[in-house]
1. Considering each of D160, D128, D122 in turn, give the residue that is of a type in the set (D, E) and under 20 Å from H67 (Cα atoms).
2. Among the residues of the range 174-200, how many are touching a helix residue (DSSP H, G or I) at 6+ places or on another chain (Cβ under 6 Å) and among the polar types (S, T, N, Q)?
3. Would you please list the contacts, defined by Cβ atoms under 8 Å and residues six or more apart or on different chains, that run from a residue in the range 235-251 that is farther than 14 Å from T204 by Cα and small (G, A, S) to a residue that is open to solvent by 40 Å² or more (accessible area, probe 1.4 Å) and not in a helix (DSSP H, G or I)?
4. Can you tell me which residues in the range 234-251 are closer than 15 Å to D263 by Cβ, open to solvent by less than 60 Å² (accessible area, probe 1.4 Å) and of a type outside the set (S, T, Y)?
5. Considering only residues that are part of a strand (DSSP E or B) and either surrounded by fewer than 20 Cβ atoms within 10 Å (Cβ to Cβ) or without any contact (Cβ under 8 Å) to a residue 60 or more places away in the chain (or both), which ones fall in the range 86-109?
6. Can you tell me which residue among E341, E281 is free of Cβ contacts under 8 Å to residues at least 12 places away in the same chain, among the acidic types (D, E) and either surrounded by fewer than 18 Cβ atoms within 10 Å (Cβ to Cβ) or touching a helix residue (DSSP H, G or I) at 6+ places or on another chain (Cβ under 6 Å) (or both)?
7. Might you check whether a residue that is among the charged types (D, E, K, R) and crowded, with 19+ Cβ neighbours inside 10 Å occurs anywhere in the range 161-181?
8. For K190, indicate whether it is assigned to a loop (DSSP other than H, G, I, E, B), open to solvent by 10 Å² or more (accessible area, probe 1.4 Å), touching a residue at least 24 places away in the same chain (Cβ under 8 Å) and farther than 23 Å from W286 by Cα.
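The values are calculated or read from the model by the stated rules, or taken from the named source; none is laboratory data. Quick caveat: nothing in here was measured; it's all calculated off a predicted structure. Counting neighbours? That spans all protein chains shown, and the Cβs are built from the backbone with ideal geometry, glycine included. Protein only, heavy atoms only, side chains kept; ligands, DNA and RNA dropped before computing areas. Shrake-Rupley method; radii C 1.70, N 1.55, O 1.52, S 1.80 Å.
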Amino acid sequence: MDRKDFIYQMRRWQMGSISRRQFLGVTGLGLATAVLAKAMPELVMPRKAYAGDLGDRVSLTTWPNYHDPKNFEDFTAKTGVNVEVNVFGSNEEMLAKLQAGGTGWDLFVPTNYTISTYKELDLIEALDLSMLPNYDPASIEKRFVEAGSIGGKSYAVSKDWGTTGYAVNTKKITEKMTSWKDFWDLAMGKYSGRAMVHDYQLTTIGNALKYYGYSFNSIADKELADAEKLLLAAKPHLFAINSDYQPSMRNGDAWLTVCWTGDGKQMHKDLPEIEYIIGKEGGEIWSDFYAIPKGAPHRAAGYALADFLLTPAVNAKEVMFHGYPSADARTNKLLPKELLEDPIMYPAAELLAPLEFGAAATLTNPARAEIMARFKSA
């Protein structure tokens with residue numbers, strides 16, 4: 001094979017037209033790599049997560065606007081594995097999909113309060129941390145690690161964390177907003193038709209509960225009844241129920257939306273008039289994780305992708321792209337000072353204090369599921 005043909009085949013591999021295995025075979029590098037692996041394995045397989053044949057694709061299930069696409073391109077260039085991304089707007093959707101079986105997922109991103117349920121239902125595997133050499137729990141704040149460990153075994157590893165507040169276009173809405181009461185009252189009043197809420201019972205019901213000063217995680221009948229009354233009253237006034245709300249906020253169709261940290265940061269960066277607010281009554285603080293589902297068809301590739309994304313230098317690129325804070329001290333050392341001091345990503349202590357982590361009971365609570373169904377169909 002001459003130089004020109006070699007470069008052509010290499011470009012085909014980098015663009016995903018052929019797999020890593022095909023590239024190694026057609027160029028003759030497969031045999032050379034095998035010989036080198038025997039003599040000097042540290043050169044061709046520097047990390048256990050990348051050992052062996054990873055195949056040519058990996059399926060990642062995650063949330064909207066949650067990764068830097070360039071990192072996926074770099075992973076493909078490094079491994080020959082193309083990343084297929086599935087996007088969901090709620091943990092309930094993820095759970096239902098996994099319970100139905102046959103997802104084809106190799107790696108997914110669950111939120112803290114769901115992991116115990118996945119484990120109880122035998123939907124995720126206990127992790128082999130030797131396959132994740134770039135994960136260091138000692139460098140991560142304890143409260144953002146705990147949910148991933150059950151019975152002394154790790155079932156998920158920390159990705160990042162954030163809060164659930166709301167975003168407001170201050171060019172359109174001039175009132176000074178500070179609370180969830182402000183959010184719901186203005187959505188049903190002066191700004192009818194301009195507000196959005198998540199297609200996700202935890203946050204939509206949770207923040208309706210905060211209107212009354214109840215716990216974000218309440219499953220008490222009377223408190224849930226009050227939340228449903230508010231939601232049904234608000235429904236005719238909403239622009240949409242959608243967890244991917246950035247397009248509507250950016251084009252001006254919506255002026256107000258329930259919002260996660262990173263979306264608030266992304267929108268404010270491009271449109272400074274869109275501000276992010278944490279309701280003074282409280283609400284949600286959360287942490288997201290990487291987990292491997294049982295029966296993952298490309299298990300080794302799932303581990304390899306998670307390990308790659310957990311590399312501090314790669315994770316820093318993720319944070320700078322999506323605007324969600326990392327709990328990893330190694331990553332934070334690589335971030336610009338202005339990000340570490342950003343009040344959207346790292347809110348003041350008095351705003352964080354009343355926030356609650358989601359509770360496992362909310363995920364499978366039938367009353368909350370029924371309320372959300374009635375709200376959406378009203």
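1. When all the criteria are applied, what remains is D160.
2. 1
3. Taking only residues 6 or more apart or on different chains, the pairs are S248/F239; S248/N242.
4. Passing the criteria: A240, Q246, M249.
5. N86, V87 - these are the residues of the range 86-109 that are part of a strand (DSSP E or B) and either surrounded by fewer than 20 Cβ atoms within 10 Å (Cβ to Cβ) or without any contact (Cβ under 8 Å) to a residue 60 or more places away in the chain (or both).
6. E341
7. Looking for residues that are among the charged types (D, E, K, R) and crowded, with 19+ Cβ neighbours inside 10 Å, one finds none in the range 161-181, hence no.
8. no
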